[in-house]
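Here's the structure we're looking at; comments come further down.
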Amino acid sequence: MAQDNLFEPIEMGAQTLKNRIFMAPLTRLRAIEPGDVPTALAGEYYSQRASAGLVITEATQVSFQGKGYAGAPGVHTQDQTTAWKSIVDNVHAKGGKIVVQLWHTGLVSHKSVQPEGRAPISASDVKVAVRTSLRDSDDLAIRVDTTPPRAATLAEIKQVIADFALATKQAKEAGFDGVEVHGAHGYLLHQFWVEQTNQRDDEYGGSRENRARLMLDVIDACVEAWDADHVGIRVSPQGTFNGVEAGYEEDDNIWLIEKINDRGLMYLHLSEPDWAGGTPYTDGFRQRIRDAFGNMIVAAGGYTAEKAEKNIEAGYIDAVAFGRDYIANPDLVERIREGAELNEQHPETFYGGGTEGYTDYPFLAEK
Ligand SMILES: Cc1cc2nc3c(=O)[nH]c(=O)nc-3n(C[C@H](O)[C@H](O)[C@H](O)COP(=O)(O)O)c2cc1C
């Protein structure tokens with residue numbers, strides 16, 4: 001199949017991206033602790049992938065309270081921002097564009113990575129059976145059960161909103177080309193949206209307007225801190241991730257996307273459920289999303305170049321983000337262009353560790 005669509009430039013806000021093959025956000029858990037500072041090696045890793053139309057970083061904390069995994073970086077302290085600046089410079093030097101994914105993990109956390117060892121916050125104190133990742137004495141990533149959450153106070157909710165705004169300012173200072181709010185995968189903003197985890201009876205719980213309020217307040221704060229041309233969002237409609245269930249109607253998700261659309265964000269990033277065992281989207285749902293959102297739509301989750309071409313051709317989406325293929329193929333753009341074989345993936349090195357499985361996947365020319 002011809003792959004012309006993937007190589008067409010595309011507008012993201014006022015910027016032009018050179019192609020539609022994006023690097024999906026990928027948690028790799030190699031940041032320096034304490035401090036959650038990204039390493040210089042991350043600069044090499046991301047710049048190896050700078051031929052992507054857009055690099056989206058691994059999920060990155062907006063505060064120490066927003067941390068759920070040992071080894072995930074932040075973008076809220078000056079040390080973190082300085083380290084990111086050098087990573088961003090590396091990517092720009094290779095002609096790439098890079099945005100940072102901002103998250104607060106909410107209940108997908110463990111008291112041992114929380115300030116003062118407190119219980120992680122969520123919308124309510126509903127425990128969900130889900131695991132996170134800590135570091136063992138050899139600094140290797142180990143999977144552990146999360147510890148029970150507590151309901152955020154109103155003051156803490158206001159602080160979360162302020163933290164997203166601060167992280168957006170830090171991202172701007174680091175030279176990023178924008179931020180992506182992580183509204184997907186059962187993390188804090190998603191925990192507020194879903195009834196399973198949100199049993200509040202104040203203005204942040206109950207009706208869909210109230211359950212969407214935190215996500216929309218966060219978006220508004222990020223836009224205020226930068227502008228709508230530099231703020232995107234990732235959502236995972238109809239998907240169950242981290243034990244937080246889809247559990248609601250297509251209509252509610254379309255309503256939410258319309259509310260996001262009202263903010264004029266630079267893009268909507270859909271994390272589709274198929275790769276995690278969920279039901280694939282119907283064409284009808286894809287068309288409803290297209291009708292609800294006016295700017296760029298990015299999709300991810302089990303895509304091949306062929307599926308990407310087909311869905312761009314049909315007009316459902318504008319660009320595609322590749323996850324696991326981007327871990328294993330720094331030159332994925334060139335490989336798709338040439339129809340070349342992809343490197344074998346090594347899932348055992350996805351999380352934690354050093355260069356192995358991080359910066360040592362071969363380029364085509366090295367084979
Ligand atoms: C190792 C790994 C880490 C991931 N980390 C993140 C993350 O930080 N933020 C996020 O939104 N999605 C994350 N995802 C999901 C990916 O962005 C992507 O949606 C998923 O891998 C499906 O795309 P693929 O089939 O192209 O791999 C991660 C996936 C993997 C495999």
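For this structure, a couple of remarks:
- Out of every Cα-Cα pair that region 23-62 contains, those further apart than 16 angstrom amount to 35 percent.
- Region 45-154: C-alpha pair distances exceeding 25 Å, %: 32 percent
- Cα Rg, Dmax (largest Cα-Cα span) when computed across region 80-145, Å: 16.5, 46
- Each peptide in 178-188, 301-311 gets a packing score, the mean of other Cβ atoms within 10 Å over its residues, and the list from highest to lowest is 178-188, 301-311.
- P(r) weight above 23 Å for region 162-253, C-alpha pairs, percent: 27 percent
- Solvent-free Debye scattering, log10 I(q)/I(0), computed from the Cα coordinates of region 197-333 at q = 0.15, 0.17, 0.21 Å⁻¹: -0.81, -1.02, -1.40
- Computed over region 77-136: relative contact order in percent, which uses C-alpha pairs under 8 Å that are six or more apart: 22 percent
- Protection-proxy order for peptides 205-212, 342-349, each taking the mean of Cβ atoms within 10 Å per residue, highest first: 205-212, 342-349
- Highest to lowest packing among 133-140, 327-334, 287-294, 101-108, scored as the average C-beta count within 10 Å: 101-108, 327-334, 287-294, 133-140
- With the convex hull of its Cα atoms as the shape, region 270-367 has an orientation-averaged projected area of 7.5 nm².
- With θ taken as phi - 60° and the Karplus curve 6.51 cos²θ - 1.76 cosθ + 1.60 applied, the whole-hertz 3J(HN,Hα) list for region 14-25 is 8, 9, 10, 9, 7, 7, 10, 9, 9, 8, 6, x Hz, x standing for glycine and proline.
- Orientation-averaged projection of region 119-176 equals 5.9 nm² [convex hull of Cα atoms, one quarter of hull surface area].
- With the convex hull drawn over the C-alpha atoms of the chain, the volume per residue is 122 Å³.
- Segment residue 118..residue 11, full-extension length gain: 34.2 nm, with 0.36 nm per residue of separation and the alpha-carbon distance subtracted.
- Lys-Lys pairs in the chain that are eight or more residues apart or on separate chains and whose Cα atoms lie under 18 Å of each other come to 13.
Just so you know, all these numbers are worked out from the coordinates, no wet-lab data involved. Since the model is a prediction, treat every value here as computed from it, not as a measurement. FYI the Cβ positions are ideal-geometry reconstructions off the backbone, even for glycines, and counts take in every protein chain you see.
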